[in-house]
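Trainee: My structure is below; once you've seen it, I'll send some questions.
The values are calculated or read from the model by the stated rules, or taken from the named source; none is laboratory data. Bear in mind that the values here come from a model prediction, so they are computed numbers and not experimental data. Positions of Cβ are backbone-derived with ideal geometry, glycine not excepted, and every protein chain shown enters the neighbour counts. We work out accessible area using only protein heavy atoms, side chains counted, and drop any ligands, DNA or RNA first. Shrake-Rupley method; radii C 1.70, N 1.55, O 1.52, S 1.80 Å.
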Amino acid sequence: MLFISAILDPRYKWDCVEYGICQMYESDVALSVCGRVKKAFKDMYDEYKGSQVTTNSTSTQSGGSTSSGVDGEPSIGNKGIIRARYKKLKATKDDVDAKSELDKYLDDDTEEDVDDFDILKWWKTHGARYPTLSLIARDILAIPVSTVASESDFSTGGRVINS
């Protein structure tokens, strides 16, 4: 999860994570770890992307019989359904041909690494450009990296982290 959260940081992205993994592990292990991280991130992206798919009421099939207009031509209602199905097919084909949102994000330049960079604000600002990735970032970046014991833990002999 730490590697994925670093990929979601627009100051670093995949290149920095890959470099870090190569510095931490020997080459054969690094290659394996890189492959597993890429696969985990891609699988997560695909899972989120799949959960965003919504059904359009105009593309659902009706259980009734089809009606015909004059001289056996489809009626206006059926033409609308046919047109809507064609648009859906065309959009699906365009999506396959187009670069994925994930590829666009990874190919875009990294942000400048400044001290006051607010990653959550960045994802909120860029959510329209990367809708699926912004949902992943919202969920992943909300996971606390560590926890600190509360005062009640201190009074009961629990651990407390000093300053």
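Trainee: Does Val37 qualify as being buried (at least 17 other Cβ atoms within 10 Å of the Cβ), in a helix (DSSP H, G or I) and under 16 Å from the mean Cα position of the chain (by Cα)?
Mentor: On the way: buried (at least 17 other Cβ atoms within 10 Å of the Cβ): yes; in a helix (DSSP H, G or I): yes; under 16 Å from the mean Cα position of the chain (by Cα): yes.
In short, yes.
Trainee: So, Gly20, is that one open to solvent by less than 90 Å² (accessible area, probe 1.4 Å), of a type outside the set (S, T, N, Q), out of contact with any helix residue (DSSP H, G or I) (no Cβ under 6 Å at 6 or more places or on another chain) and at pLDDT below 60 or not?
Mentor: Working: open to solvent by less than 90 Å² (accessible area, probe 1.4 Å): yes; of a type outside the set (S, T, N, Q): yes; out of contact with any helix residue (DSSP H, G or I) (no Cβ under 6 Å at 6 or more places or on another chain): yes; at pLDDT below 60: no.
In short, no.
Trainee: The conditions are (1) within 30 Å of Pro144 (Cβ to Cβ); (2) of a type outside the set (D, E, K, R); (3) at pLDDT 90 or above; (4) open to solvent by 40 Å² or more (accessible area, probe 1.4 Å), and Trp14 fails exactly one of them. Which is it?
Mentor: Failed condition: (4).
Trainee: Give the residues of the stretch 124-139 that are assigned to a loop (DSSP other than H, G, I, E, B), more than 8 Å from the chain's Cα centre (by Cα) and either on the phi > 0 side of the Ramachandran plot or surrounded by 14 or more Cβ atoms within 10 Å (Cβ to Cβ) (or both), sorted by residue number.
Mentor: Initial filter on the stretch 124-139 (assigned to a loop (DSSP other than H, G, I, E, B)): 126-130.
Next cut, more than 8 Å from the chain's Cα centre (by Cα) only: 126-129.
Listed by number, the residues that qualify are His126, Gly127.
Trainee: Within the stretch 70-105, how many residues turn out to be of a type outside the set (Asp, Glu), modelled with pLDDT under 80 and not in a helix (DSSP H, G or I)?
Mentor: Residues in the stretch 70-105 being of a type outside the set (Asp, Glu), modelled with pLDDT under 80 and not in a helix (DSSP H, G or I): 3 in total.
Trainee: Check off (1) at pLDDT 65 or above; (2) closer than 24 Å to Ser134 by Cβ; (3) aliphatic (A, V, I, L, M) for Val53 and give me the number that stays unchecked.
Mentor: It is condition (1) that Val53 fails.
Trainee: Out of (1) modelled with pLDDT of 95 or more; (2) part of a loop (DSSP other than H, G, I, E, B); (3) open to solvent by 100 Å² or more (accessible area, probe 1.4 Å); (4) not basic (Lys, Arg), the odd one out for Leu31 is which?
Mentor: Every listed condition holds for Leu31 apart from (2).
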